[in-house]
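> My structure is below; once you've seen it, I'll send some questions.
Each value in this text was obtained by applying a stated rule to the coordinates, not by laboratory testing. In this text, all values refer to a predicted model and were calculated from it rather than measured experimentally. In this analysis, Cβ positions are derived from the backbone assuming ideal geometry, glycine residues included, and neighbour counts consider all displayed protein chains.
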Amino acid sequence: MTDRLAFVDVCSGAGGLASGLESAGFSPILLLDNKAQACETIRYNRPDWNVVCEDLLDFLPDEHPECLDVDLLSAGLPRVKSAAAKSRSDSEPELRLVEAAVLLLHAIQPRALLLENLPALGDSPAYAETREFIKEELTHLGYGYSWLVVNAADFGVPQERMQGVLVAIKKPWFDAFVPPAPTVSEHISLGSALRRSMGARGWPEADAWADQASAVAPTLVGGSDNRGGPDVGPTGTKKAFARMGVNGNAFADEVPGPDYVWPRSDDITEMPKMTVDQAAALQSFPPGWKITGQKTARYRQIGHATPPPVGRALGEAIATALRRPPASSRAPMAHRIAGYTSRT
């Protein structure tokens, strides 16, 4: 196998992006997150990984020389606000983290950068100032870059999850970058994803429930740390789950058992609830990846995560570019990618 590439991951959360990059042939040099529970989750699953529990705004790369000159800097950053009416000021904390991640390029000097956020960051007029800042920094440091929008469902995740992605690569390798193509020809429905787990305790109507849950799940939303207990997200998300027979107002401790009678009612309170483990399955975490903590903390980590298959697809595309001879040693290649916005 080709030698593995090295990466540093910031705002790592429960390790969804890092897990995907690992499966794409990258090995982490350092992972950074400011939440103790998220750091515990990563350490539980990968005891050998170097996890630093610290705020990105306080992180000084010079104190961690092992992270300098890696192949990739990645970040699954807290989401900016998506509503068109929101102004830059509504997302100031999130935007400070975006800018801090980009500024890390000066010290770390990776060959590539991967940032994941909401699509609004790449196209909303509210964030034009941030995009201009990013453009100036990347141009100054010699990177070509592309803003992409990917749907996690295109990569086998049973969830309609639109993600804004910034890929920047040092110019000698940037022309070799091609955004990942979908890995599945048909999206996976909620019922297909949860059929087996819904019947794990002998619920006789699990197949019938799965058959009617024939659409892809809506986007799971982790919510704010200041909110109460866990639920699947905003009212619209709860209604979308209700149309597939799921009570999204809370999470169950276990799936229905053999005595549960499915009322097949339009009353959301009578519908079965998902478990937090099932939410992790909808984010396509590997089955053996344990999310640690109490129910609310576990779901928050899951809802905020980048689905690992998306990380893998993006990682493989970046790795392919980085493993090509640099442009200075080969003939020029035009960068023409239909359906994507690319700026160099």
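> Hey, could you grab the Kirkwood Rh for region 190-304? Inverse mean 1/r over distinct alpha carbon pairs, Å, one decimal.
Answer for region 190-304: a Kirkwood hydrodynamic radius of 14.2 Å.
> Check the chain for me: any Cys whose beta-carbon has no other cysteine beta-carbon within less than 4.7 Å?
Lone cysteines by the Cβ rule: CYS11, CYS67.
> Normalising by the residue count of the chain, find the relative contact order in percent from Cα pairs under 8 Å and 6+ residues apart.
Taking the mean separation of contacting Cα pairs over the length of the chain, I get 21 percent.
> State which entries of LYS239/LYS295; LYS135/LYS290; LYS35/LYS170; LYS170/LYS290; LYS35/LYS171 exceed 29 angstrom in Cα-Cα distance in the structure shown.
LYS135/LYS290; LYS35/LYS170; LYS170/LYS290; LYS35/LYS171
> While we're looking at this one, here's another question. If you restrict to DSSP beta bridges whose two residues both lie in the chain, what percentage is antiparallel, to the nearest 5?
Taking every DSSP beta bridge within the chain, about 45 percent pair in antiparallel fashion.
> So, one more: Please give the contour-minus-distance gain from GLU136 to ASP62: 0.36 nm per residue of separation, less the Cα-Cα distance, rounded to one decimal in nm.
Extra length available between GLU136 and ASP62 comes to 24.3 nm.
> Let me ask something additional. Quick one: order MET198, MET162 by neighbouring beta-carbon count within 10 Å, fewest to most.
On the way: MET198 22, MET162 14.
Least to most surrounded, the residues fall as MET162, MET198.
> From the helices alone, meaning DSSP H stretches of at least four residues, give me the mean residue ellipticity at 222 nm for the chain, per-run term -39500 (n - 2.57), in deg cm²/dmol to the nearest 500.
Rounded to the nearest 500, it is -9500 deg cm²/dmol.
> Rounded to the nearest 0.05, what FRET efficiency is calculated for ASP69 and VAL149 with R0 set to 35 Å and r the Cβ-Cβ distance?
Computed FRET efficiency for ASP69 and VAL149 comes out at 0.70.
> Mind running the shape call on region 1-108? Use the C-alpha gyration tensor, a ≥ b ≥ c as the square roots of the eigenvalues: rounded below 1.5 for a/c, prolate if a/b tops b/c, oblate otherwise.
Numbers: a/c = 1.75, a/b = 1.58, b/c = 1.11.
The shape class here is prolate.
> Which of the GluC sites (Glu not before Pro) found in region 109-217 are loop residues per DSSP with 12 or fewer other Cβ atoms within 10 Å of their Cβ?
The qualifying sites are GLU186.
> Right, next: For GLN212 and ASP90, calculate 0.36 nm times their separation in residues minus their Cα-Cα distance, and state this gained length in nm to one decimal.
40.0 nm
> Arrange GLU254, GLU54 by Cβ neighbour counts within 10 Å, fewest through most, would you?
Exposure proxy ranking, most exposed first: GLU254, GLU54.
> Something else: Sticking with the crude label model, points 7 Å out along Cα→Cβ, report the distance from ARG195 to ASN50 in nm, one decimal please.
The modelled label-to-label distance comes out at 4.5 nm.
> Ok, one more. When a/c is below 1.5 the answer is rounded, else prolate if a/b is larger than b/c, else oblate, so apply that to region 109-173 with a ≥ b ≥ c taken from the square roots of the Cα gyration tensor eigenvalues.
Numbers: a/c = 3.46, a/b = 1.46, b/c = 2.37.
It is oblate, given that a/c is not under 1.5 and a/b is not larger than b/c.
> Sticking with this one: I want to check the label-to-label distance for SER265 and HIS106. Put each point 7 Å from Cα in the C-beta direction and report it in nm to one decimal.
If labels sit at SER265 and HIS106, their model points lie 6.1 nm apart.
> Name the most mobile residue of LEU141, LEU115, LEU97, meaning the one with the largest mean-square fluctuation, in a Gaussian network model of the chain with Cα contacts below 10 Å.
LEU141
> Right, something else. Would you order CYS39, CYS11 from fewest to most other beta-carbon atoms within 10 Å of each residue's own beta-carbon?
CYS39, CYS11
> Connecting C-alpha atoms closer than 10 Å in a GNM of the chain, tell me which of ALA24, ALA210, ALA153 has the biggest fluctuation.
In this elastic network of the chain, the residue with the biggest mean-square fluctuation among ALA24, ALA210, ALA153 is ALA210.
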